[in-house]
Amino acid sequence: MKQLNLVVPGLLGPFSDKLPAHIQQQFNQAEFSVINKCLSKADVSSVSARTYYETLVQLIHPENKKTLSQLTAEHDEIDISKGYFYRADPVHFKAESDHAILIGTELVSPTTEESKQLIKSFNQHFLEDGLSLYFSHAHRWYLKSEKPLSLTFSALDFSMGRDIKHFMPKGDDALWWRKNLNEAQMLFFQNEVNEVRESKGELSINGLWLWDVFAEIAKRDMQIPQQIFSDDVVACALANQQNISFQSTENINDINSTAVLVLNDVYESVCYGDVDAWLNDSERFFKQEYKKVIELLLAGKVSEINIFPCNGKMYKITKFNLYKFWKKTKTIGQFCDDCRQ
């Protein structure tokens, strides 16, 4: 039996409030009919993983003992054998009247050359403090410290679009980090990189988001995958740890065994709490990517699809499920609101 575990973070939100009526009405349109039917006819069960990262670990490498930072650093071929490494991704702190909003790396989108210049400036300034930045991918930076940091972190995806004061690292080293971050912000503000970016109307790189995360999974609930289809670096890093082959999502038609497919097309808009953007992203997703997935089931290339919205639920779909005419069809918007209860 070929099982496809489909990871779609943000599929059902969550959002802080119920979806407005004008959004709910859109889910009665034809482009949402397939997902409405699939969710309504599916066999629903609970799973232990409740976040995007936990879901990836549970499905790909539940025995993993490394932090996310360690996983991605090794994947990026950064030597982490000495010192302590944490993600310190380049971000933009958007100033509001009395607070600052975190704009994530994907929207800031630094180039390789910009990353080199800013990191060089940082490393020269903090040389005597035993701090240094590393990168091999412009969107993923790492802070190396000579000592372990006594901090608890908020993941970047959980913090985007929110007031940074509620999500900054906490712990014994919190004030120490705030001091260093303020110095780094001054360095970046004065750097030519940001002068050029601002002259072109681009967001400045005026901050670093220090973070890490670890997920401990009690047991494996799923079959061991033989294939991973993902463009997400964490999924690929976990696959590397398990010696599982991974390919781009574009190659999903090459599926020939139990597999994990990661599609995060709608996730960013959920992270920022942008309901209208989420609706637009969802419409494109169901017209294109999700259509390909269902065609795999209808063509018999997979026998079941397990949908993971990364909220503690799994929706199992087989051909038989789709014929359960007695189960009332609800819209994806209704499922989204149900998840808030």
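Worth a mention:
- GNM result for the chain, Cα springs below 10 Å: residue of ALA21, ALA73, ALA100 fluctuating most strongly: ALA21
- Were the residues from GLU195 through ILE101 laid out at 0.36 nm apart, the gain over their Cα-Cα distance would be 31.8 nm.
- Separation in nanometres of the label points that stand 7 Å from Cα toward Cβ, at LYS324 and THR111: 5.3
- Using the empirical formula 2.2 N^0.38 Å as the baseline, the Cα radius of gyration of region 69-211 reaches a ratio of 0.98.
- Here the translational diffusion coefficient of the chain follows from Stokes-Einstein with Rh set to the Kirkwood radius across Cα pairs; for 37 °C and 0.692 mPa s it amounts to 153 µm²/s.
- Sequentially through region 314-319, phi angles give Karplus couplings (6.51, -1.76, 1.60; θ = phi - 60°) of 10, 10, 8, 10, 10, 4 Hz, Gly and Pro residues having no value and appearing as x.
- Per-pair calculated FRET efficiency, R0 = 41 Å: ARG50 and LYS120 via Cβ, rounded to 0.05: 0.55
- Under conditions of 4 °C and 1.567 mPa s, region 186-248 yields 83 µm² s⁻¹ as its translational diffusion coefficient, taking Rh as the Kirkwood radius over Cα pairs in the Stokes-Einstein equation.
- Between LYS66, LYS328, LYS94, the GNM of the chain built on Cα springs shorter than 10 angstrom shows LYS328 fluctuating the most.
- Contour minus Cα-Cα distance for ASP231 and ILE80 (0.36 nm per residue): 52.0 nm
- J(HN,Hα) series, region 234-244, from Karplus relation 6.51 cos²θ - 1.76 cosθ + 1.60, nearest Hz, glycine and proline x: 5, 4, 5, 5, 5, 4, 4, 4, 9, 6, 9
- Cut-off under 5 Å, modelled amide H: who pairs with VAL213 long-range: LEU68, SER69
- Sorting LEU187, LEU68, LEU102, LEU131 from the fewest to the most surrounding beta carbons within 10 angstrom yields LEU187, LEU131, LEU102, LEU68.
- For region 89-129, GluC sites (Glu not before Pro) meeting the loop criterion (DSSP other than H, G, I, E, B) and having at most 12 other Cβ atoms within 10 Å: GLU96.
- In this structure, the amide hydrogen of LEU6, modeled 1.01 Å from its nitrogen in the peptide plane, lies closer than 5 angstrom to those of LEU261, ASN306, ILE307, PHE308, counting only residues at least 5 positions away or on a different chain.
- Springs join every pair of Cα atoms under 10 Å in this Gaussian network model of the chain, and among LEU261, LEU322, LEU59 the largest mean-square fluctuation is at LEU322.
- A straight chain from LYS94 to LYS147 at 0.36 nm per residue would run longer than the Cα-Cα distance by 16.0 nm.
- Label sites at LYS18 and ARG178, each approximated as a point 7 angstrom past Cα along Cα to Cβ, lie 3.9 nm apart.
Read-outs: derived from the displayed coordinates by stated rules, not from any lab. Note that the coordinates shown come from a computational prediction; the quantities given were computed from them, not determined experimentally. With ideal geometry, Cβ positions are generated from the backbone for all residues, glycine too; neighbour counts draw on all protein chains shown.
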